[in-house]
Structures are given as structure tokens and as C-alpha cells.
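Below: one structure, written as C-alpha cells.
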Amino acid sequence: MTNRTTATQLVGQDATMPVALAPVGLTGMQSADGEIKAARAAEKFGVPFTLSTMSICSIEDIAEATDAPFWFQLYVMRDEDFVDNIIARAKAAGCSALVLTLDLQILGQRHMDIKNGLTAPPKLTPKTILDLSTKWRWGLQMLGTKRRTFRNIVGHVKSVKDMRQLHSWTAEQFDPKLSWDTVAKIKEKWSGKLILKGILDPDDAQKAVAVGADAIIVSNHGGRQLDGALSAIRVLPSIVAAVGDQIEVHMDSGIRSGQDVLKALALGAKGVMIGRAYIYGLGAMGEAGVTKSLEIIHKELDTTMALCGRRDATQLDRDILLVPEGFEGRWV
Ligand SMILES: Cc1cc2nc3c(=O)[nH]c(=O)nc-3n(C[C@H](O)[C@H](O)[C@H](O)COP(=O)(O)O)c2cc1C
């Protein structure tokens, strides 16, 4: 087994598993009460769970269902009352870090969503009805829960009473004028650990240091925002080089295995987040599926470290990798 020292100050987790569950909107549609199931699995495994602003289960739902502090992810939104209120709710729930997402001030073009006609509320067409009829177990579980809307928002914004109003409110909320001043203001309001998510550029990483953030997550939002954007793993080394130990550097986007975790650590990340890797487990097997995905990643990381002759995940370096020439994305 790998050496059990603490991986990072921020995460405060076991070095053998420097993995956190990323914020994934609509997790509670993947499986009924999905955020609660994922948060419980994370708690039992001893890794952080991050709740998305756009989750189905609310901050209060997670706080009630778990004991471990979780992280809350916030989008920078125009409605300041909403932002103030949700920060206060996250504090009241004992959230241990605020993850501020910086790469979704406008929504990327999601070709499959357009092709599949994804809408909120969903349109009932012969195609969707046929599709639903093959997912009857999921449908029954969804009918069995009271959590079927965006519970962080509905009931907390005066103008939002139903899904239709929610859709138009959300569409207006993401503020393309996001600036470092706004980040600084949110940091002041929150006053706890702040993690900035969606950094792909060393200059931005240095600005994150200047603003006093505790950590950054090098991320291209799981490839969902900008086609052609560099992958997180390619820009990671230049970001680590730019900020050194001044801030904790974490990474997500594309982590599917323990070996991927090892590569990120070897290139300088203190920890990683996983999105789809646990969401697929959740969809297949509920809470047990999230646990299974964490177990698989943990085992793969452990085995790969052993086969590389390493015992301590905090002491990895690129000596164990063969990085192809030209792999690293460089910004000029
Ligand atoms: C379906 C889906 C919904 C997501 N929703 C959010 C969100 O609400 N907030 C956020 O900051 N990131 C969101 N993300 C991005 C994830 O937090 C994370 O950056 C990404 O999934 C990492 O890539 P991976 O899926 O390859 O692990 C979402 C990703 C997916 C796949």
C-alpha cells in the first residue's frame, strides 16, 4: 500500500486517494436523489463531495443526509441577492470550501444537446416517451422522490416558481462581465477556503494567487465548453511552473482511471476531481456505483504506483512518465 500521509492541506484527505467528486449539475436526474447518494458514498470513502449550484438536491438536503462537510460550487450570477443568500446557506450548512466556477459565463455549444433536443422542462415527444418507456426503473425511482427540480434555486428566488420561469431566470444569470474584482468580492463574502475552477492559463493562475484563493482547479470543464481548448493535463505543467507552491493546484477533465490520477500528480497536481467517472457509476448502480468507481480508481492508483516503484503519492514526479515532445501546451 502507498504511504498514508496527508495529501494536501486544502483537501485534508488521505494521500492514497487525492480525488474529489466534481460538481455535476442535474446529478439528481441521473439517479433519484443522486447528489445525496454521491455525497454519502464520498463521505464513507473519505473524499470530498462538491455540490453544484445547478443540483437537484439542495445544500440543506445534503447537510441533512451527511455528517462530513462538503464543498459547494457557485457560478457567478447577476442576482446579488441570490448570491448573498446562497453563500449564507452554504455557510450555515458548514460547507468547508467554496468552488467558484469561472469558465461558464456563457454556455458552450453542446452539439449533442442540440441534436438530442435537450430542454428544461423536457419536451414530451414520441421519441422521448419511447426512450422513457425503456427506463421504467429510473422513472419509478424519480416518481418516488420529492426532489425533481433545482432545489438550490426554486423557492429561493422570488421570480422562480416553476421550471419554465427557472429556465429564463438561469439564462439571464450568467454574467459575461465576470472580472477579478468580482472574484475578490465573492471571496470577501465567503471568507472561507476558496477554490477557483476552470483555470487553463498561467496568467490566470497567477491572478488567482494575487486574489488570495486557496486553490485552483485546472480544468476545461470536461471538454464541454470550448471545442479546441487545450486539455487540462497538457497545460498543467506550465501552470504549476507559474505558481509553484504559492497555491494548491488541482486538476480535472478526462480523469477516468487511477493511472490518470497518477499522471496528474506526477505533473504537479496536488489532487484531482472526477466528473463522469462517478456519474456513470451513479447512473448504473446508485450510491454503490459511486463507491465502485472510487474503489476502481483507488486500486488502479495503488497498483500503478507499486509498479512504478513509488510508495508515496505526495512524492511523485515526472521521472515516472515519458512525456512526448510537444505534448505540453505552451501559451505565448
Ligand atoms: C453533466 C455535467 C454537468 C456538469 N455540471 C457542472 C456544474 O454544475 N458546475 C461546474 O462547475 N461544473 C460542472 N461540470 C464540470 C465538472 O465539474 C468537471 O469539471 C468535469 O466533469 C470534469 O471532467 P470529467 O467529466 O472528464 O471528469 C459538469 C460536467 C458534466 C459532465
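Just a few scattered comments:
- Residue that is at pLDDT 95 or above, under 26 Å from Tyr280 (Cβ atoms) and in contact with a strand residue (DSSP E or B) (Cβ under 8 Å, 6 or more places away or on another chain), where the choices are Phe72, Phe45: Phe72
- The listed residues are Val261, Val240, Val272, Val235, and the only one of them that is more than 22 Å from Trp71 (Cα to Cα) and within 15 Å of the ligand (Cβ to nearest atom) turns out to be Val235.
- Subset of the stretch 59-94 that is more than 21 Å from the chain's Cα centre (by Cα) and outside any helix (DSSP H, G or I) - its residue that is surrounded by the fewest Cβ atoms within 10 Å (Cβ to Cβ): Arg78
- Sole exception among (1) touching a Lys or Arg at 6+ places or on another chain (Cβ under 7 Å); (2) modelled with pLDDT under 95; (3) part of a helix (DSSP H, G or I) for Asp319, by number: (1)
- Close Cβ contacts (under 9 Å, 6 or more residues apart or on different chains) running from residues in the stretch 132-149 that are loosely packed, with under 11 Cβ neighbours inside 10 Å to residues that are in a loop (DSSP other than H, G, I, E, B) and among the small types (Gly, Ala, Ser) comprise Leu140/Ala32; Leu143/Ala32; Gly144/Ala32.
- Some residue of the stretch 247-257 being in a loop (DSSP other than H, G, I, E, B), hydroxyl-bearing (Ser, Thr, Tyr) and out of contact with any Lys or Arg (no Cβ under 8 Å at 6 or more places or on another chain): yes
- Ala120 vs. criteria more than 22 Å from Leu230 (Cα to Cα) and at pLDDT below 95: yes
- Screening the stretch 11-32 for residues that are in contact with a strand residue (DSSP E or B) (Cβ under 9 Å, 6 or more places away or on another chain) and either on the phi > 0 side of the Ramachandran plot or at pLDDT below 60 (or both) and picking the one that is surrounded by the most Cβ atoms within 10 Å (Cβ to Cβ) gives Val11.
- Any hit, the stretch 156-166, residues being within 25 Å of Ala97 (Cβ to Cβ) and of a type in the set (A, V, I, L, M, F, W, C): yes
- Residue count for the stretch 275-293 under the criterion of being touching a Ser or Thr at 6+ places or on another chain (Cβ under 8 Å) and away from the ligand (no atom under 16 Å from the Cβ): the result is 1.
- Among the residues making up the stretch 191-203, a single one is on the phi > 0 side of the Ramachandran plot and either in a strand (DSSP E or B) or within 16 Å of the chain's Cα centre (by Cα) (or both): Gly198.
- Residue list for the stretch 148-190, restricted to those being outside any loop (DSSP other than H, G, I, E, B) and basic (Lys, Arg): Arg164, Lys185, Lys187, Lys189
The values are calculated or read from the model by the stated rules, or taken from the named source; none is laboratory data. Just so we're clear, the structure is a prediction, and the values are computed from it rather than from any experiment. Methodologically, a virtual Cβ is constructed for each residue, glycine included, from the backbone with ideal geometry; neighbour enumeration extends over all protein chains shown.
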